[in-house]
Structure formats: structure tokens, C-alpha cells
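Structure first, commentary second.
The numbers here are math on the coordinates, done by the rules we state, and not lab data. Here the structure is a predicted model, which means the values were calculated and not measured. All Cβ positions, glycine included, derive from the backbone under ideal geometry; neighbour counts span all protein chains shown.
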């Protein structure tokens, strides 16, 4: 503080004390009651204000934790994404030597497996005779 601020503070303090000495008791009582009311309101409001001040850092930490989880989330392996389309291409390829998987094939094909075994054995004999 510089000297002009100190002089201003001294002058303000002197005027305040002089006014307080000349104040009638009824006005002084009303001012004290108003001051008590304001202090009580500030103390009850202060606790909720304190809670609100604590929510800001807690919320910021929660957002940072969520962002960290989203950034460092494990990514799927590249081999899985490459193998899946390749497997689908072989299953839908009509020239494929492998039969379709059980989940993609018609369930009726598996009812008469003996017939298909006989057909495969006799079909290869008929083709060799031609």
C-alpha cells in the first residue's frame, strides 16, 4: 500500500468511528440484527457453496477418467478383422472344396449322411467309367 492509500484508510476509519459514536441506540440495534441475519444466511449458504466448489474438481476428475478409458480402450486385433472376411469369402465361394459350416448349411443335408457317403463313393466310380 502506498501512502495515499494509508491516509485514505485512516480517514475512512475515523469517519466510521465518529458516525458510530453519534448513532442512536435504535438504529445501532437494527444494524446489529441485520448483521446477525446476514452472517447466519452466509454461514448456511456457505456450506452449500462449499459443496458446489467441491463438485467442480470431482466432476473434472470424472471426465478425465472417462476420457482416459476411452483413449486407452483395447483395440480389436488386426488378425481377427482380416480373418473374418476371408472366412466369409470361402463360405460363400461356390468353387470352394470345403462344405459350409454347420451354422450356414441346410439342416436337411445332415439327415441322410449315409446316402451322401454312398453317392460320393458311387459318383466317383461313375465319373471314372465315362
Next item on the list: Order by neighbour count: 72, 118, fewest other Cβ atoms within 10 Å first, most last.
Entry: 72, 118
Next item on the list: Output the Cα-based Rg and Dmax of the stretch 3-71 in Å, rounding Rg to one decimal and Dmax to a whole number.
Entry: 23.2, 69
Item checked: Model label zone, residue 39; criterion: amide N under 15 Å from point 7 Å along Cα-to-beta-carbon; scope the stretch 1-29 -> 29
Check: In nm, to one decimal, how far is the modelled label at residue 19 from the one at residue 6, with both set 7 Å along Cα→Cβ?
Finding: 2.5
